Amino acid sequence: DARLPLSHLCEPGRLPGDREIAPGLPASAWLARVGAWQRALAAAPPGDVALFHEDAAEFSAALFGAWQAGRTPWLPGDVLPATLRRLASHAPVRVGELPDALAAPAAGEAAGLTALDPAACRLVLYTSGSTGEPAAIGKTLDQLDREVAALEDAFGPRLGSAPVQGTVSHQHIYGLLFRVLWPLSAGRAFAPRRLAFNEQLAALGDSPLVLVASPAHLKRLPANQEWSRLAAGLRAVFSSGGPLPPDAALDVRRLWGQAAIEVFGSTETGGVAWRAPGGEQAPWQPLPGVSWRIEHGRLQLQSPHLGHAGWQPTQDRAEASPLGGFVLLG
């Protein structure tokens with residue numbers, strides 16, 4: 001297994017110094033940024049850390065720097081005043097592109113970095129808030145690492161060493177895992193900036209890449225765009241954060257030459273299951289390590305991505321499929 005556990009990324013000698021973390025950013029320079037953030041946060045006032053940065057490479061260095069400094073990062077999904085007010089009592093220290101944030105430290109050295117305790121390191125994410133107030137959900141580094149292990153187990157061979165591009169924010173669980181933590185662990189470079197426009201996607205050319213997208217983006221693929229070069233290099237396209245409508249799944253298959261891999265999960269449960277429908281209503285297959293059952297018509301889960309070993313009830317109505325896996329009924 002070439003995958004490096006997240007807790008060992010900053011341990012001296014574990015990351016090859018010339019490994020590319022992001023385009024033009026070798027691991028030696030990334031570790032120096034982690035060390036700079038660790039020292040800045042060690043000297044900052046006490047308390048948890050609010051972390052928001054659009055640049056995924058700098059975000060990841062600040063994230064690991066916070067853990068190295070013994071801090072718990074909170075990841076707001078946006079920088080709206082109401083969000084920042086909600087955060088203030090929990091995470092008084094601000095880092096990144098936030099008002100009154102700690103000044104970004106000058107690059108230093110990676111001296112003093114160690115392996116992390118995966119059970120002690122935590123972060124806090126917010127649910128999407130689609131059903132009311134966004135709820136704060138804590139995750140341990142151990143939970144996140146087990147989730148990355150399941151993704152690499154399920155899809156790693158297909159992706160190879162292809163770099164990762166994305167249209168989704170890493171401030172939420174899906175983007176955090178797929179655009180930042182999984183590539184860091186598995187040795188794939190990731191793009192620091194997310195792509196907002198189809199023109200940017202089409203301009204990526206025919207070199208190998210993995211695309212982390214959302215249904216909102218995949219529903220709007222223009223058929224008149226020249227997609228042949230992107231399709232030639234695309235190793236996989238992932239979609240999560242809501243159901244991918246069958247016509248959008250058909251468009252992806254027709255324009256990009258392969259079925260999108262839909263991933264089903266939530267901030268609370270982590271990743272649960274996947275399918276590659278390509279326009280068909282395919283059943284969901286559990287990710288490695290995830291068990292499921294139907295009780296009174298509702299899905300229950302047992303998973304290493306949960307914070308406990310028991311069965312977790314969900315609000316999702318579901319039934320077992322004769323093809324294996326399960327079908328969601330809303």
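The values are calculated or read from the model by the stated rules, or taken from the named source; none is laboratory data. Note that the structure is predicted; figures quoted are calculated from it, not measured. Every residue, glycine among them, receives a Cβ derived from its backbone with ideal geometry; neighbour counts consider all protein chains shown. Surface areas here come from the heavy atoms of the whole protein model, side chains and all, with no ligands, DNA or RNA. Shrake-Rupley method; radii C 1.70, N 1.55, O 1.52, S 1.80 Å.
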Which order, highest average first, do 309-318, 40-49 follow once you tally other Cβ atoms within 10 Å for each residue and take the mean per peptide? 40-49, 309-318
The range 6-135: antiparallel bridges as % of DSSP beta bridges, rounded to 5, reads 20 percent
Among DSSP beta bridges lying fully in the chain, give the percent that are antiparallel, nearest 5. 55 percent
Say the dipole of the chain comes from +1 at the beta carbon of Lys and Arg and -1 at that of Asp and Glu; which of L255, A82, A61 then lies farthest toward its positive end? L255
Positive end of the dipole of the range 176-330, charges at C-beta (+1 Lys, Arg; -1 Asp, Glu), about the Cα centre: which of L204, Q300, S240 has its Cα farthest in that direction? L204
Among R275, R194, R85, determine the one that fluctuates most according to a GNM of the chain built with springs between C-alpha atoms less than 10 Å apart. R85
Cβ-based net charge around G160, under 9 Å, with every Lys or Arg adding one and every Asp or Glu removing one: +3
With a 1.4 Å probe and all protein chains left in place, how much accessible area per residue does the range 11-99 have, in Å²? 38 Å²
Which value, in debye to the nearest 20, describes the size of the charge dipole of the chain about its Cα centre when Lys and Arg Cβ atoms bear +1, Asp and Glu Cβ atoms bear -1, and nothing else is charged? 100 debye
First measure r as the distance between the Cβ atoms of L329 and S291, then evaluate 1/(1 + (r/R0)^6) with R0 = 22 Å and state the FRET efficiency to the nearest 0.05. 0.65
Want the number for E319 to R193: 0.36 nm per residue separation, take away the alpha-carbon distance, what's left? 41.4 nm
Counting only residues 5 or more apart in sequence or on a different chain, those whose built amide H sits under 5 Å from that of A50 are W74, V93, R94, V95
What number comes out for the charge environment of H305, summing +1 per Lys or Arg and -1 per Asp or Glu over other residues with Cβ under 12 Å away? -2
Could you compute the net charge surrounding V124? Neighbours are other residues with a C-beta less than 13 Å from the C-beta of V124; K and R count +1, D and E count -1. +2
